[in-house]
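Structure record follows, encoded as structure tokens.
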Amino acid sequence: MNWVLIRNFAAFWIFGLANNYAYVIMLSSAEDIMDKQQNKNDTYVDKVCEEEITTRHCSTMSTGAVLLADILPTLLIKATFPFFLLRVPFGIRHLIVCLLQIASYFVVAFSVNVAMSLSGVILASAGAGLGELSYLALSSHFSNNMISAWSSGTGGAGIFGSLAYAGLTEPHLADLSPKTALLVMLIVPIIFAIAYWFLMVLPPSVHTVNIIKPKTWLNPKIYPETIKVPPSPTWSEKSSPDSDIVDSSNTTIPPLLPYMIPLAIVYIGEYIINQGLTELIFFNCSHGFSLSRKSQYRWYQVLYQLGVFISRSSVNVIELPRVVLYILPVLQMLNAIFFFFNAIYWFIPHISIVFVLIIFEGLLGGASYVNTFNRIHKEVSPDVKEYCLSIASIGDSIGIVIAGFGAIPIHNIVCNKPLYSHV
């Protein structure tokens with residue numbers, strides 16, 4: 001039995017889980033964050049289901065605002081850091097990610113206004129962005145199995161994070177306050193740190209840092225200003241000898257666009273659903289399993305993340321052909337259109353149907369993510385693989401940012417419509 005492989009696979013699974021955990025928690029608690037700062041602290045009218053729905057319960061600030069705070073720093077980091085982060089050792093990056101996560105939980109838990117809450121969300125976003133481009137780049141020093149482990153872990157973050165938050169705050173379960181639930185989550189950054197420094201076995205190609213030797217605090221490898229990039233979107237392991245010598249900052253991106261654009265469109269659809277529409281889709285007691293409005297939103301997040309987890313863990317079993325990567329965005333946008341009209345007209349008769357559709361939404365998103373990065377890992381030339389995996393991660397973030405800006409006006413459009421009864 002190859003214990004080194006097992007340890008590294010487990011470490012990358014934990015990296016995916018822990019890196020995205022704070023991000024997921026912030027989105028799962030989005031309504032609580034907004035309500036807390038709008039003086040809707042729960043004495044909890046919202047702890048019980050509604051026998052009769054008489055209002056849309058629109059917020060003055062959509063959860064899309066939390067999404068933007070949760071993703072804009074990530075996008076900024078992904079769009080700029082790959083061009084100079086190669087000199088920063090992975091160990092130092094990992095330490096920064098862990099510290100950012102710890103700070104985010106404390107800031108949001110003890111926040112006293114919207115600005116402070118969103119500042120905590122921004123810290124979580126910065127940590128997730130730095131972590132994603134770092135661990136995807138780190139996977140280039142290992143076998144292709146690490147992409148599968150990382151992707152499955154990120155899916156696990158969704159299901160375990162949203163489930164943990166829903167369970168800790170659900171009145172029928174732990175019934176903790178959002179503040180206490182956030183503080184309980186501090187165990188995750190500790191596990192995160194242990195996975196890198198004690199579980200993973202680093203290959204010789206990865207520079208290690210000695211804290212008492214400042215000379216080791218930067219990666220000694222000098223990356224060239226120019227690299228060879230084959231002109232084809234599908235890159236074999238052998239670079240063409242006739243490839244032009246080009247600047248790495250602006251020529252690796254165009255060949256990656258066939259991977260990045262479909263991924264971005266998938267994420268536009270699913271995050272418009274999650275942060276702009278599902279908070280406006282809720283049911284009364286008889287059609288909503290007697291769940292309160294807030295509980296329904298939290299379980300929407302759980303089931304979405306369940307779908308993501310299943311599909312992100314599937315690449316070693318089912319590897320999608322390239323053409324399917326272009327079908328997934330179409331399906332996800334159709335999903336978003338369906339949810340938009342349901343948010344207005346409320347034609348879905350029972351919450352169970354919404355649950356199934358949300359799982360399907362998560363399956364599409366997870367499949368797009370894991371198969372995109374799996375193909376890049378397999379098809380990109382080894383000499384640019386680390387860099388390309390970092391750059392390609394911009395795709396999903398761009399999609400989420402577009403969705404965040406779109407979710408706010410979409411939320412307002414629905415809120416300005418008359419209230420319809422469930423069929």
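The values are calculated or read from the model by the stated rules, or taken from the named source; none is laboratory data. Just so it is clear, the model here is predicted, and its values are computed rather than measured. A quick note on method: Cβ atoms are made from the backbone with ideal geometry, for glycine too, and the neighbour counts reach across all protein chains shown. Calculation scope for accessible area: heavy atoms of the full protein, side chains included, ligands and nucleic acids excluded. Shrake-Rupley method; radii C 1.70, N 1.55, O 1.52, S 1.80 Å.
Values computed for the structure shown
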item	result
Out of Ile33, Ile25, sole residue that is modelled with pLDDT of 75 or more, open to solvent by less than 50 Å² (accessible area, probe 1.4 Å) and among the β-branched types (Val, Ile, Thr)	Ile25
Residues of the range 91-140 that turn out to be open to solvent by 30 Å² or more (accessible area, probe 1.4 Å) and assigned to a helix (DSSP H, G or I), as a count	17
Hey, Asp396 open to solvent by less than 50 Å² (accessible area, probe 1.4 Å) and of a type in the set (Asp, Glu) or not	yes
Any hit, the range 311-320, residues being in contact (Cβ under 8 Å) with a residue 24 or more places away in the chain and assigned to a helix (DSSP H, G or I)	yes
Near pairs, Cβ below 8 angstrom, 6+ apart or cross-chain, from the range 373-398 (closer than 12 Å to Ile253 by Cα and in contact (Cβ under 8 Å) with a residue 40 or more places away in the chain) to any residue that is assigned to a helix (DSSP H, G or I) and among the acidic types (Asp, Glu)	Ser393/Glu132
Residue list for the range 242-270, restricted to those being at pLDDT 90 or above and open to solvent by less than 20 Å² (accessible area, probe 1.4 Å)	Tyr259, Met260, Pro262, Leu263, Ala264, Val266, Tyr267, Gly269, Glu270
Thr63 β-branched (Val, Ile, Thr), out of contact with any Phe, Trp or Tyr (no Cβ under 6 Å at 6 or more places or on another chain) and modelled with pLDDT under 80	yes
All positions within the range 111-123 that are modelled with pLDDT under 90 and either under 24 Å from Ala79 (Cβ atoms) or in contact with a Cys (Cβ under 9 Å, 6 or more places away or on another chain) (or both)	Leu118, Ser119, Gly120, Val121, Ile122
Residues within the range 374-389 that are under 20 Å from the mean Cα position of the chain (by Cα) and surrounded by 24 or more Cβ atoms within 10 Å (Cβ to Cβ), tallied	2
The range 349-366, residues that are open to solvent by less than 10 Å² (accessible area, probe 1.4 Å) and either more than 20 Å from the chain's Cα centre (by Cα) or free of Cβ contacts under 8 Å to residues at least 24 places away in the same chain (or both)	Ile351, Val354
Test set (1) surrounded by fewer than 20 Cβ atoms within 10 Å (Cβ to Cβ); (2) at pLDDT below 75; (3) not acidic (Asp, Glu) - Trp235 fails condition number	(1)
Single residue of the range 183-217 satisfying the filter (open to solvent by 90 Å² or more (accessible area, probe 1.4 Å) and over 26 Å from the mean Cα position of the chain (by Cα)) that is modelled with the lowest pLDDT	Trp217
Selected residue (only one of Thr154, Thr80 is open to solvent by 10 Å² or more (accessible area, probe 1.4 Å) and either under 24 Å from Ser311 (Cα atoms) or over 14 Å from the mean Cα position of the chain (by Cα) (or both))	Thr80
